[in-house]
Every structure is written in structure tokens, then in C-alpha cells.
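Report on the structure given below.
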Amino acid sequence: DMVNFTDFFHKIIDRFEMSKQQHVTFVRNIPKKSLYVEIEPDKITQVLDNIISNALKYSPEGGKISFQVKEQDDHIEVSVKDEGIGIPKESVKKIFERFYRVDKARSRKMGGTGLGLAIAKEMVEAHGGEIWVESEEGKGTTVFFTLPYERNQEDDWL
Ligand code: ATP
Ligand code: MG
């Protein structure tokens, strides 16, 4: 389906903003204009649901979660940044592995199986995109992914 990603993303964020139980502030840095991408909406919804629930799960009370979309040459870059506990350096490259969870004790009380990011990676790559994480322990985590995007020719004429 051709989906306007900016509307699509706002709706997903709205759903989390309405149901969240913590005092976490949402900040949106999303272009006003339409950005059409060819995606399977259910699959990308699942990707975002996991990334956003992780951000909420590991955010402190009073933290901030920032959502960003950047239009780049042949793709869009989407990111979700939190101010949570972060991920130790040696774990950053493992979190996309099936069932991998940082610190079993810490993770167990948070619930989940450790599959969310492995599935997200599969789905993003099936769409021709990439996914990666930047994190600093004690400071926070940013999850990025890209989706191929064909700039509307009309945009170049304006
Ligand atoms: P599931 O998604 O299956 O419910 P999960 O959230 O534990 O379980 P993933 O989403 O795959 O699994 O994440 C893997 C691990 O990466 C998590 O258990 C957690 O240790 C770490 N992690 C993921 N996102 C964050 C984040 N935003 N901040 C800190 N740690 C994170
Ligand atoms: Mg998860």
C-alpha cells in the first residue's frame, strides 16, 4: 500500500499517548507534509509498537520520548529516542537477536520474550530498510530505521 507516513506515524503515537500510564512527555519532530512510502501498514505498525513500548518500558517517570522523521535522498529515517536506562555497549549489537535481553533479572520483571526487535529487524529488512540502535547507559537509547522512499517528482518542480 502507498501510505502517507507522517499521518500514519502520528496515529500510532496518538494511540500510545492516550493509553500511557506513566508521566512521560512525547515530543514530535515530524514534517508537516505528506511522505508516501510503499509499506505493509500492519507490519510497520508492529515494528513501531515494539520500539515505542520498549521506549516506554525503559523510561523513567518524568522522561521524554522524541519521535522524528527525516526525509533523506532515497529513504526516510524514522527514530524514537528515550531518556531511559540505556543499553551497555557490549549488548547493543545483540539486541536484534532472537530472545536476547539485557540483564535477565532486569528484563524479566518488565515482561516480554526478547523477540520484539528481532521481528522488527526482519520486517524492516523485508521492506528494504535498515534498523540500528545508538545508546548510552544511564542516558538513553535511540532506535532508528529507514524505509525506501521515492521523492514525488512534483516536489522537485515546486
Ligand atoms: P518483547 O519485545 O518480545 O516483548 P523485549 O522488549 O524484552 O520483549 P526486544 O524488544 O527484542 O525484547 O528488546 C530486547 C532487549 O533490548 C530488551 O529486553 C532490553 O533489554 C533491551 N532494550 C530494547 N529497547 C530498549 C530501550 N529503549 N532501552 C533500554 N533497553 C532496551
Ligand atoms: Mg520489546
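The values are calculated or read from the model by the stated rules, or taken from the named source; none is laboratory data. Since the structure is predicted, the reported quantities are computational estimates derived from the model, not experimental observations. All Cβ positions, even for glycine, are placed from backbone atoms using ideal geometry, and neighbour counts span all protein chains on display. These area figures cover heavy atoms from the full protein model, side chains too; ligands, DNA and RNA do not enter into them. Shrake-Rupley method; radii C 1.70, N 1.55, O 1.52, S 1.80 Å.
Some points to look at:
- Residue ID - surrounded by the fewest Cβ atoms within 10 Å (Cβ to Cβ), chosen from residues in the stretch 108-118 that are assigned to a helix (DSSP H, G or I) and free of Cβ contacts under 8 Å to residues at least 24 places away in the same chain: Arg108
- Looking only at residues in the stretch 4-58 that are within 20 Å of Glu122 (Cα to Cα) and open to solvent by 70 Å² or more (accessible area, probe 1.4 Å), the one that is farthest from ligand 2 (Cβ to nearest atom) is Glu38.
- When Lys121, Lys33, Lys94 are checked against the criterion of being under 30 Å from Met2 (Cβ atoms) and outside any helix (DSSP H, G or I), a single residue qualifies: Lys33.
- Residue within the stretch 54-65 that is under 21 Å from Met110 (Cβ atoms) and within 10 Å of the chain's Cα centre (by Cα) present: yes
Matching residues to (1) aliphatic (A, V, I, L, M); (2) without any contact (Cβ under 8 Å) to a residue 24 or more places away in the chain; (3) under 19 Å from Ile119 (Cβ atoms):
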site: Phe5; (1), (2), (3): no, no, no
site: Gln21; (1), (2), (3): no, yes, no
site: Gln46; (1), (2), (3): no, no, yes
site: Asn50; (1), (2), (3): no, no, yes
site: Ile76; (1), (2), (3): yes, no, no
site: Lys81; (1), (2), (3): no, no, no
site: Arg101; (1), (2), (3): no, yes, yes
